[in-house]
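Reading through the structure tokens given below for one structure.
The values are calculated or read from the model by the stated rules, or taken from the named source; none is laboratory data. Everything numeric in this text was worked out from a predicted model, so none of it was measured. Here the Cβ positions follow ideal geometry from the backbone for every residue, glycine too, while neighbour counts run over all protein chains shown. Ligands, DNA and RNA are stripped out before the accessible areas are found, and what is left, the full protein with its side chains, is counted by its heavy atoms. Shrake-Rupley method; radii C 1.70, N 1.55, O 1.52, S 1.80 Å.
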Amino acid sequence: MYACTECGRCQDVCPAHNTGKPLSPKALIIDLKDVLYQNKALILAGKKDEVGPILGGKISDDVIWSCTSCRACEAACPVFIEHTDKIYEVRRNMVLMESRFPAELQTVFKNIENNFSPWAMSPDERDKWAEDLKIKTMAEVASSGEAVDYLFWVGCAGSFDDRNKKVSRALVSVMRKAGVRFAILGKEEKCTGDPARRMGNEYLAQSLIQENVNALNNYGVKKVVTACPHCFNAIKNEWKDFGGTFEVVHHTQLIAQLIKDGKIKPSKGTEEKITYHDSCYIGRWNDEYQAPRSILNSLPMVKITEMEKNSSNAMCCGAGGGRMWMEEHIGTRVNVKRTEQALATNATVIASNCPFCMTMITDGIKTKDMAEKVRIVDVAELVDQATI
């Protein structure tokens, strides 16, 4: 906190700040430093129980809950301050110690606890999207002694959200065309814990992570592919702490490799203008910008145009950090502003690689009354459509 130069670069790129929210990453760091300084005598004397609360002064609840965890602030910071982790820690204290959080999250927490998903869907319906596709589960594979190349981690959105079920089916189609052997967990799959962790419910997150890790280790899973950047980040970077060491690839990385190896050959062209939206959890969180673009460049006839804010400078869709399940009551909606940036390219197709981004930009397109002129499509769907 004392390293902050107060240059304001973090504030300039923060989607919350730029849409009228009270969060300024710079001000947050300065205010946290001031709180620490004000309490220095008590802290040095070891009187931690007498230290005053962090929230209530300059730092309000709205400041903490406005964060989308996009990490644009951290990417812009010249002295490498990690704003996001500090916000998570404050959220954990609010949720676990004070039971204070936005009202809509109560339903989300309850759904995750009861249904192992943020949505109020029965866990028995998790694999219903694939009941006509004859995809084998890991349990079936284990009992037959077969080998698979990947566990396809479908994720909650890919299992329950009607629009994103189509993405799951498209990815299945692409993998089958390429001869990739895969299986799913089916009803055994549970939320990765990412939403609960971002929303401060660390206890719930760790419970889910451990259950999932135990299930994957029980089947001897080595490689995982998923179409959700949030699942990708959680399984790849966070499950290691719980004994889950897997080779994890995002579906754009897998598809890009399949095209490079000649196992998939997009041949059906379409004269459409496409712009690509970078997901924060594939981009800034995991430094993957080229795989999705190499896929789009392999599609015949299409014209690719970049948004002004792209790659490491791309703007968040507004769904990260648990914001997917929270209402925006202050300022302009983040997803609408990002949609405006996409529409400014005059593209007829917005390519995505994330179920959350797809939901948010779809809503943004409807808000702008452009649903009949512009569509948002996952990269896997574009490849499936272009491949015989």
Sites matching GluC sites (Glu not before Pro) across segment 309-381 that sit in DSSP coil, with at most 13 neighbouring C-beta atoms within 10 Å: 327, 372
Loop-resident sites, segment 6-93, for GluC sites (Glu not before Pro), counting at most 16 other Cβ within 10 Å (DSSP): 6, 82
The chain, relative contact order [Cα under 8 Å, separation at least 6], %: 17
Sites residue 294 and residue 128 - FRET efficiency at Förster radius 35 Å, r taken between beta-carbons, to 0.05: 0.55
Principal-axis tilt of helix 251-260 within the chain, Cα atoms, nearest 10 degrees: 40
Cα gyration tensor shape for segment 219-314, rounded if a/c is under 1.5, else prolate or oblate: oblate
Sites residue 313 and residue 45 - FRET efficiency at Förster radius 45 Å, r taken between beta-carbons, to 0.05: 0.50
Approximate spin-label separation residue 268-residue 305, in nm, with each point projected 7 Å along Cα-to-Cβ: 2.5
Segment 191-350: C-alpha gyration tensor shape, a/c 1.5 cut-off, then a/b vs b/c: oblate
Average accessible area per residue (Å²) across segment 155-225 - probe 1.4 Å, nucleic acids and ligands excluded: 35
Gaussian network model of the chain, springs between alpha carbon atoms under 10 Å - residue of 134, 268, 187 with greatest fluctuation: 134
Exposed chymotrypsin sites (Phe, Trp or Tyr not before Pro) absent - longest run of the chain, DSSP non-H/G/I/E/B, at most 10 other C-beta within 10 Å: 81-388
Karplus (6.51, -1.76, 1.60) ³J(HN,Hα), θ = phi - 60°, over segment 48-56, in Hz, Gly and Pro reported as x: 5, 5, 9, 5, x, x, 6, 8, x
Counted charge near residue 331, where neighbours are those whose Cβ lies closer than 10 Å (Asp, Glu -1; Lys, Arg +1): +2
Residues of segment 38-117: accessible area per residue with a 1.4 Å probe, Å²: 56
Residues of segment 313-329 with amide N under 16 Å of a point placed 7 Å along Cα→Cβ from residue 12: 313-315
Segment 237-365, accessible area per residue, ligands and nucleic acids excluded (1.4 Å, Å²): 40
Choice from 360, 370, 199 with maximal GNM fluctuation in the chain (Cα, 10 Å cutoff): 370
Per the chain, cysteines lacking a partner by the 4.7 Å Cβ criterion: 4, 7, 14, 67, 77, 156, 191
Gyration tensor verdict on the chain (Cα atoms; rounded if a/c is under 1.5, prolate if a/b is larger than b/c, oblate otherwise): oblate
In order through segment 326-343: 3J(HN,Hα) via Karplus (6.51 cos²θ - 1.76 cosθ + 1.60), integer Hz, x for Gly, Pro: 10, 7, 9, 9, 10, x, 7, 5, 4, 5, 5, 5, 5, 4, 4, 5, 5, 5
Segment 291-375: trypsin sites (Lys or Arg not before Pro) in DSSP coil with no more than 15 other Cβ atoms inside 10 Å: 368, 373
